[in-house]
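Colleague: Got a structure for you, questions after.
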Amino acid sequence: MTTASGGPGGVTGEEWSAAVEAVRGLAPGADGDEVQLICHVNPDGDALGSMLGFALALRKSGITRLRATFPGEFELPVPYQSLPGVDLLVPESGAFEAPKAVITFDVAAESRLGGLVRLLDAPCVIVVDHHASNTRFGRLNLVDPRAAATSVVVEGLLTRLDVPLDAEIAECLYVALATDTGSFKFDMTTPEVHELAARLIATGISPGDISRRIFDTRPFGAMKLAGDVLGRAALDPAAAAGHGMVWTYATLDDLRRYGQRPYVLDSLIDPIRSVAEADVAVVVKQTGDDEWAVSLRSKGAVDVSAVAVALGGGGHRFAAGFTGHGTPGDVVTAVRARLEDHLL
Ligand code: AMP
Ligand code: MN
Ligand code: MN
């Protein structure tokens, strides 16, 4: 069997077997066990795609007492509203009260579950993830830090459950894989990633249509907003022991001015990190009066996951984030002060 996950440093044979046994043990049907699927707050393509892909596979296997959710405001970025399986999504308040099983997707730590953390009392809790910083808060943990996306681990589980891929499941897993590999551009884009993409595309999905819809479509106002935010970017060549840092910020007022929702800011880290003179890229996005969601990226000189962890967040070595306070300048000063502690 070819999978893009498993082996040393990944999920052990015992962990796979225990998870397969737990999922097979769920009683299907209208009177069956309640199964609550959860992905992380402010869900991205990997969180939603992995969760909905697995949800569709469970439904196909006859498990109908099934809900999918994420904590916080129940607002799906427009590009994800057409993902297969969105009919299984409920707001946080609509989650099962006392499910038999809870399965989390792309959730590195309990802090990413908001109020849904209460459901971790369930008899069966399976954590499906690929963050090196995962705190293994499940009873069963399928965590493979070498997997390019959580959807890689999901596909490994579906293969072991003998659930065949169909076009709907594949579309969800493809969106997840394309999101976390930066459309197959990042270092994690291994031969196994392309083999998985090939299996997904072979179900009949259309990568061109999916990419256009998910990654290459935005409202005119979002494009104008990007112009303002990119226009105020600042370069700090001396940061990170001379590797350089480029940063910018976006306020709630920016969003209001252009009538845009916060998620439209998430893609702005990509043009920012393209700056040749800087290894580290930072985008500081206002989420409240004194609260900022901070995106960090590195091209290889700095472990930004360690920087994020030092500031109360987490993520991957070269892509991480945390919640900051004060002014955007305060937040960036705090980041800058920690870069030299985590040079690679
Ligand atoms: P983003 O910059 O939002 O695309 O996030 C990059 C990576 O950092 C993702 O793997 C996120 O899961 C992780 N991350 C972002 N914000 C946080 C946070 N506040 N706490 C923990 N991990 C985070
Ligand atoms: Mn994610
Ligand atoms: Mn992910």
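The values are calculated or read from the model by the stated rules, or taken from the named source; none is laboratory data. Not measured: the values here are computed from a predicted model. A quick note on method: Cβ atoms are made from the backbone with ideal geometry, for glycine too, and the neighbour counts reach across all protein chains shown. Surface areas here come from the heavy atoms of the whole protein model, side chains and all, with no ligands, DNA or RNA. Shrake-Rupley method; radii C 1.70, N 1.55, O 1.52, S 1.80 Å.
Colleague: Between exposed chymotrypsin sites (Phe, Trp or Tyr not before Pro) in the chain, where DSSP calls loop and at most 16 other Cβ atoms lie within 10 Å, what's the longest gap?
Modeller: Result, exposed sites excluded: 187-344.
Colleague: From the helices alone, meaning DSSP H stretches of at least four residues, give me the mean residue ellipticity at 222 nm for the chain, per-run term -39500 (n - 2.57), in deg cm²/dmol to the nearest 500.
Modeller: That comes out to -10000 deg cm²/dmol.
Colleague: For the stretch 52-161, which trypsin sites (Lys or Arg not before Pro) are both in a DSSP coil and crowded by at most 12 other Cβ atoms within 10 Å?
Modeller: Answer in residue order: 136.
Colleague: What is the helix-to-structure angle for 13-24, meaning the angle in degrees between its Cα long axis and the longest Cα principal axis of the chain, kept from 0 to 90 and rounded to the nearest 10?
Modeller: Roughly 60 degrees between the two axes.
Colleague: To the nearest 10 square angstrom, what accessible area does residue 163 show with a 1.4 Å probe?
Modeller: 20 Å²
Colleague: I want to check the label-to-label distance for residue 86 and residue 232. Put each point 7 Å from Cα in the C-beta direction and report it in nm to one decimal.
Modeller: 3.1 nm
Colleague: Cα extents of the stretch 275-344 along the three principal axes, largest first, in whole Å?
Modeller: Here the spans come out as 34, 23, 17 Å, largest first.
Colleague: What nm value, rounded to one decimal, do you get for the distance between residue 276 and residue 14 when each label is placed 7 Å out toward the C-beta?
Modeller: That separation, rounded to one decimal, is 5.3 nm.
Colleague: Viscosity 0.890 mPa s, temperature 25 °C: Stokes-Einstein D of the stretch 166-304 from its Kirkwood Cα radius, in µm² per second?
Modeller: Working: Rh = 16.8 Å.
Translational D for this selection: 146 µm²/s.
Colleague: What FRET efficiency, computed as 1/(1 + (r/R0)^6) with R0 = 45 Å and r the Cβ-Cβ distance, is obtained for residue 185 and residue 93, rounded to the nearest 0.05?
Modeller: About 0.75, to the nearest 0.05.
Colleague: What percent does the relative contact order of the chain come to when contacts are Cα pairs within less than 8 Å and at least six residues apart?
Modeller: Numbers: 695 pairs, mean separation 46.1, N = 344.
Result for the chain is 13 percent.
Colleague: Expected output is a single nm value to one decimal: the length gained when fully extending between residue 224 and residue 139, i.e. 0.36 nm times separation in residues minus the C-alpha distance. What is it?
Modeller: Stretched fully, the residue 224-residue 139 segment lengthens by 26.0 nm.
Colleague: From the phi of every residue in the stretch 225-238, what ³J(HN,Hα) in whole Hz does the Karplus formula 6.51 cos²θ - 1.76 cosθ + 1.60 yield, where θ is phi - 60° and glycine or proline is x?
Modeller: 4, 4, x, 5, 5, 5, x, 9, 4, 10, 10, 10, x, 7
Colleague: May I ask you to compute the full-extension gain from residue 330 to residue 120, defined as 0.36 nm times their residue separation minus their alpha-carbon distance, rounded to one decimal in nm? Kindly include the intermediate steps, with their values, before the conclusion.
Modeller: On the way: separation 210, 0.36 × 210 = 75.60 nm, distance 3.53 nm.
Taking 0.36 nm per residue and subtracting the Cα distance, the gain is 72.1 nm.
Colleague: Going 7 Å from the Cα of residue 217 along its beta-carbon direction, which residues of the stretch 64-78 have the amide nitrogen within less than 17 Å of the resulting point?
Modeller: Within reach of a label on residue 217, which here means backbone N under 17 Å from a point 7 Å along Cα→Cβ, the stretch 64-78 contributes 76-78.
Colleague: Cα axis of helix 150-160 to longest principal axis of the chain: angle in degrees, 0 to 90, nearest 10?
Modeller: 20 degrees
Colleague: Using label points projected 7 Å from each Cα along Cα→Cβ, tell me how many nm separate residue 267 and residue 167, to one decimal.
Modeller: If labels sit at residue 267 and residue 167, their model points lie 2.4 nm apart.
Colleague: Something else about it: Could you give the longest part of the chain that holds none of the GluC sites (Glu not before Pro) found in DSSP loops with at most 15 neighbouring Cβ atoms within 10 Å?
Modeller: Longest run free of exposed loop sites: 98-276.
Colleague: While we're looking at this one, here's another question. Show me the three semi-axes of the equivalent ellipsoid for the stretch 13-214, from the C-alpha gyration tensor (sqrt of 5 times each eigenvalue), largest first, rounded to whole Å.
Modeller: 24, 18, 17
Colleague: What full-extension length gain, to one decimal in nm, is calculated for residue 323 and residue 195 as 0.36 nm per residue of separation minus the Cα-Cα distance?
Modeller: The span from residue 323 to residue 195 would gain 42.5 nm if fully extended.
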